[in-house]
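**Student:** Here you go, one structure.
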Amino acid sequence: MNKASEHILELLADSGLALPPKAIEVNLGRLQNDPPSRSSIFNAFDPLIEHGYIENIAESGSYYVITETGRAYLEGKLENE
């Protein structure tokens, strides 16, 4: 996981939406004073998926939602990995 990971989880948790990577990048840029870089954002997806923190819900394309495991991580109920 990297600098962008928690920001992605927080955005998905707060919005309650299924978002594609580009929308996540745009919104993090709008909402944060010091947003993570584009490469950090896109590099965060595979580890977040592997840990079960986010999942792709689209049959075609990539639309991600936070999982219950991802919410537990944000709430400090899981150890940092």
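**Student:** Would you grab the residues whose amide H sits under 5 Å from the one on I54? Only those 5+ places off in sequence or on another chain, please, with H modelled 1.01 Å from N.
**Tutor:** Here the answer is I49, T67, since their amide H atoms fall under 5 Å of that of I54.
**Student:** Looking at the stretch 27-81, which trypsin sites (Lys or Arg not before Pro) are in a loop (DSSP not H, G, I, E or B) and have at most 10 other Cβ atoms within 10 Å?
**Tutor:** K77
**Student:** Still on this structure: In debye, nearest 20, what is the charge dipole magnitude of the chain about its Cα centre with +1 on Lys and Arg Cβ and -1 on Asp and Glu Cβ, if you could check?
**Tutor:** It works out to roughly 300 debye.
**Student:** Using the charge dipole of the chain (Lys, Arg: +1 at Cβ; Asp, Glu: -1 at Cβ; taken about the Cα centre), state which of N27, G76, L9 has its Cα farthest towards the positive end.
**Tutor:** So the residue we want is N27.
**Student:** Only one of the values (i) 1.28; (ii) 0.93; (iii) 1.00 was calculated from this structure for Rg/Rh (Cα atoms, Kirkwood Rh); name its label.
**Tutor:** Label of the calculated value: (ii).
**Student:** Okay, moving on. Using packing as a proxy for protection, rank 8-20, 57-69 so that the peptide with the highest average count of other Cβ atoms within 10 Å comes first.
**Tutor:** Most protected by this proxy first, the peptides run 8-20, 57-69.
**Student:** Next question, about the same structure. Once fully extended, how much extra length lies between T69 and K3, figured as 0.36 nm per residue of separation less the alpha-carbon to alpha-carbon distance?
**Tutor:** 21.9 nm
**Student:** Compute the label zone of A23 within the stretch 64-79: residues whose backbone N is under 15 Å from the point 7 Å along Cα-to-Cβ.
**Tutor:** Under cut-off, by backbone N: 64-66.
**Student:** Also, quick follow-up: Given 0.36 nm per residue, what is the gain on full extension from N56 to L78 after removing their alpha carbon distance, in nm?
**Tutor:** Gain on stretching N56 to L78: 5.8 nm.
**Student:** Something else: What does the accessible area of D46 come to, in Å² to the nearest 10, when a probe of 1.4 Å is used?
**Tutor:** Near enough 100 Å² of accessible area.
**Student:** With an 8 Å Cα cut-off and a minimum separation of 6 or more residues, compute the relative contact order for the chain in percent.
**Tutor:** Relative contact order comes out at 37 percent.
**Student:** Net charge near G16, counting Lys/Arg +1 and Asp/Glu -1 over other residues with Cβ under 14 Å of its Cβ?
**Tutor:** My count for the surroundings of G16 gives -2.
The values are calculated or read from the model by the stated rules, or taken from the named source; none is laboratory data. Everything numeric in this text was worked out from a predicted model, so none of it was measured. Here Cβ is always computed from backbone atoms with ideal geometry, including for glycine, and neighbour counts include all displayed protein chains. The protein model used for the area step is the full one, side chains on, heavy atoms only, and it has no ligands, DNA or RNA in it. Shrake-Rupley method; radii C 1.70, N 1.55, O 1.52, S 1.80 Å.
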